[in-house]
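The values are calculated or read from the model by the stated rules, or taken from the named source; none is laboratory data. Quick caveat: nothing in here was measured; it's all calculated off a predicted structure. All Cβ positions, glycine included, derive from the backbone under ideal geometry; neighbour counts span all protein chains shown.
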Amino acid sequence: MNAEYLLIDVGNGRTKLALASPEALLDRRDCPTPGLDPGAVRAILNGWDFRRAVLCSVVPAAAAVFRGVLGEKMTELRHDTPMGIGVRYPCPESIGADRLANAAALAHLHGAPGVVIDFGTAVTFDILSADLHYIGGVIAPGLRLMTDYLHERTALLPKVELHEPECAIGRSTVQAILAGAAIGYRGMIQGILDALRKELPQGPVHLVATGGDAGWITAGMAEPIIVDPDLTLHGLRLVGNLAAV
């Protein structure tokens, strides 16, 4: 398949890749991030042709691997990369590139002011001001990180597959963990959103969620939150469009 862009979103656990035109995502692949090397990159890109690549990464070693394979064809998203929004933050170089991609996509596709909630290894909240500036956010442990830690740090609590609990009163250890995970995590998400609203101007705020657990966690919340599973990739696509101008 031939496309204008290769989009690369390197997370701690998995790397998502997509071919894209300036207007849309065309095809997707993914692979584990740990152990990523030049051979693995070439294998997953086999059969894909593209003119340019745009990458955001939270794993410097993996970014270096892609840089070595793709060379000058690749743009690596940074705080000073044109992305259609400004950055008003004390140490902009410390902002995760995926968070900037999310903020850019929020501005272009959903509106401002707004908050992006990204459910990954960590859950991040990123805030876009009404005048289209990234102004900061919140970082908290991801849901699976919390439940895995509970299993790893106790003698008897099992590792669980996360899903919606049947009830709040668990009648087994697994049910109790699921109830604590889902209900407790939603409470944390809502509590953070409530605190953020107090520091944002009065009026509507666009709320958009992305990441692996976004769908089922937000579905159980009273507050309406748009779920956009491809938000980060769309942000990279928009960055590619701006680089082409």
Taking the conditions exactly as written (assigned to a helix (DSSP H, G or I), out of contact with any Gly (no Cβ under 6 Å at 6 or more places or on another chain) and of a type in the set (Asp, Glu)), does Asp194 satisfy them or not? yes
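Does Ala214 satisfy the criteria of being surrounded by fewer than 20 Cβ atoms within 10 Å (Cβ to Cβ) and not basic (Lys, Arg)?
When the stated conditions are applied, Ala214 does not pass them.
Residue-wise test of (1) over 19 Å from Leu207 (Cβ atoms); (2) in contact (Cβ under 8 Å) with a residue 24 or more places away in the chain; (3) in a strand (DSSP E or B).
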{"position": "Arg42", "(1), (2), (3)": "yes, yes, no"}
{"position": "Gly47", "(1), (2), (3)": "yes, yes, no"}
{"position": "Thr81", "(1), (2), (3)": "yes, yes, no"}
{"position": "Ala103", "(1), (2), (3)": "no, yes, no"}
{"position": "Asp126", "(1), (2), (3)": "no, yes, yes"}
{"position": "Tyr134", "(1), (2), (3)": "no, yes, yes"}
Report the residue count in region 189-212 for those that are within 13 Å of Val115 (Cα to Cα) and in contact with a strand residue (DSSP E or B) (Cβ under 8 Å, 6 or more places away or on another chain). 11
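Working only within region 219-240, note down all residues that are in a helix (DSSP H, G or I) and modelled with pLDDT of 95 or more.
Leu231, Thr232, Leu233, His234, Gly235, Leu236, Arg237, Leu238, Val239, Gly240
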For Val208, all conditions in the list (1) surrounded by 12 or more Cβ atoms within 10 Å (Cβ to Cβ); (2) part of a loop (DSSP other than H, G, I, E, B); (3) in contact (Cβ under 8 Å) with a residue 60 or more places away in the chain; (4) not charged (D, E, K, R) hold save one; what is the number of the exception? (2)
Pairs please, first residue from region 224-243 and without any contact (Cβ under 8 Å) to a residue 40 or more places away in the chain, second anywhere and surrounded by fewer than 24 Cβ atoms within 10 Å (Cβ to Cβ) and assigned to a helix (DSSP H, G or I), Cβ atoms under 9 Å, 6+ apart in sequence or on different chains. Pro224/Thr218; Val227/Ala214; Val227/Gly215; Val227/Thr218; Val227/Ala219; Pro229/Ala214; Pro229/Gly215
Restricting to region 116-147, count the residues that are among the charged types (D, E, K, R) and loosely packed, with under 15 Cβ neighbours inside 10 Å. 1
Members of region 1-49 that are among the hydroxyl-bearing types (Ser, Thr, Tyr) and either out of contact with any helix residue (DSSP H, G or I) (no Cβ under 9 Å at 6 or more places or on another chain) or crowded, with 16+ Cβ neighbours inside 10 Å (or both): Tyr5, Thr15, Thr33
Return yes when Asp213 is acidic (Asp, Glu), out of contact with any helix residue (DSSP H, G or I) (no Cβ under 8 Å at 6 or more places or on another chain), in the same structural domain as Gly111 (by TED's automatic domain parsing) and within 30 Å of Ser94 (Cβ to Cβ) and no when it is not. no
Test result for Leu157, part of a helix (DSSP H, G or I) and of a type outside the set (Ser, Thr, Tyr): no
On the given criteria, is Leu178 more than 20 Å from the chain's Cα centre (by Cα), buried (at least 16 other Cβ atoms within 10 Å of the Cβ) and assigned by TED's automatic domain parsing to the domain that holds Ile225? yes
Residue set Ala3, Ala62; condition out of contact with any His (no Cβ under 7 Å at 6 or more places or on another chain), touching a residue at least 12 places away in the same chain (Cβ under 8 Å) and assigned to a strand (DSSP E or B); output residue Ala3
